[in-house]
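The structure under discussion appears below in the form of C-alpha cells.
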Amino acid sequence: MALGRAVSRWSLAAVAVAAFSAVTPAAAETIVSPRYAITLAGVYIGSVEAHARFVDGGYAIALTGSVGGIPSVFTNAAVQMASRGNISGTRVLPAYFEIELREGRYVANVEMDLDRGDVTDLYVVPGLEPAFDLISLTIEDVQDVLDPMSALFVPTDGAELTGRRACDRTIPVFDGWQRYDLRMSHQTTRTVIGERDAYAGPVHVCSVNYVPVAGHRLSNQVVSYLAYSERLEVWLMPVAEADVLIPYRLLIGTEVGDLVVRLERLSLDAAGGS
C-alpha cells in the first residue's frame, strides 16, 4: 500500500464521469438522484446533491455539496466525492474512492483503491502530520472498511428490512485520513410525508455512536465532541427500485444548534437493458 502526498490525478470535472463510466450497462439499471438541504439551528446553509447508479451488482456514486453563510461558525466550503464498487448480497465492496475538499484557500485530496474493502493504494494531500497524541494507522485499520460514500447506503438484497435489521450494525469507515466506526442502533420507525418531489413513506430512525479508531489526534476537539455526542442520528428510507436504503435525514447536535441534512428532492430512473 502506497502512503504519501500526491496531487489528485482526476480533475473536478472528471469525477462524476469516471464514477459513472466505471459501471458497464447490463440487464437493468437504476439511477437514484437525491438532493439534500443543509440547515444549522433551522437556518439554511447549503445543499448536497448525489447521483448513484446501481447496475448488475455494481454501483457508482458522485456527490457535490457546499456550505456557507455563517462566518462566525465556519467559512465557505465545498466537497466533491466519487465512489464505485460492487454489492454481494447485503455486503458493500468498495473498489475506488476520491474526495476533494475546499475551504477558502485550503484544498485537500484523497484517492483510494480498494480490493473487496481492503485499501491497496492511497494518495492523500495533506498527509497526517506527526504529533505526540496522534493515533497512528496500521495495515489492520484499513482492511475490511467502507469509504464514506459507500457507507451511506444499505443493500437489502430484495428483502423488506425491519428497523432492527436496517439499523443494528457497525460500519467501519476509512476516509483516507481517519479510521472510525459508526455504531448504529434502531430507535423507531415512522412515516414521513415528503413535499413536492421528496419521499413519502416509512423511515427507520437509527441512533449513531461515533467511535474513533486511528488517524486522529487525542486533542482534536471535534473528534472528542463527536465521540461523546448523544445527538447523532440517521433516518434510512427504502428505494425499492435499487434494493437499497439511503439516508432521508442526518442529524448532528452541535453547541449552536442541530446540523441537519434532509432530503428535499428525489428522482429515480429505472430501466431495463437490451
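Please treat every number below as a calculation from the coordinates, not as lab data. In this text the structure is predicted, and so the values were computed from the model without any measurement. FYI the Cβ positions are ideal-geometry reconstructions off the backbone, even for glycines, and counts take in every protein chain you see.
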*Give me the distance in nm between label points sitting 7 Å out from Cα along the Cα-to-Cβ direction at residue 229 and residue 105, one decimal.*
2.9
*Could I have the simple spin-label model distance between residue 240 and residue 170, label points 7 Å from Cα toward Cβ, reported in nm to one decimal?*
3.5
*Which ordering of 204, 186 is given by a fewest-first count of other beta-carbon atoms within 10 Å?*
186, 204
*Which is farthest toward the positive dipole end of the chain among 177, 85, 202, measuring Cα position about the Cα centre, with Cβ charges +1 (Lys, Arg) and -1 (Asp, Glu)?*
202
*Fewest first, what order do 61, 87 take by the number of other Cβ atoms within 10 Å?*
87, 61
_Separation of the residue 44 and residue 56 label points, Cα + 7 Å toward Cβ, nm_ = 4.1
*Select one label from (i) -0.24, -0.51, -0.91; (ii) -0.23, -0.49, -0.83; (iii) -0.28, -0.57, -0.92: the one whose number is log10 I(q)/I(0) by the Debye sum over Cα atoms at q = 0.07, 0.10, 0.13 Å⁻¹ as derived from the coordinates shown.*
(i)
*asked:* Cut-off is 10 Å between beta-carbons; in what order do 177, 235 appear when sorted fewest neighbours first?
replied: 177, 235
_Two-site FRET efficiency, residue 222 against residue 120, from Cβ-Cβ distance with R₀ of 35 Å, rounded to 0.05_ = 0.75
*With an 8 Å cut-off on Cα pairs and a minimum separation of 6 or more residues, tell me the relative contact order of the chain in percent.*
19
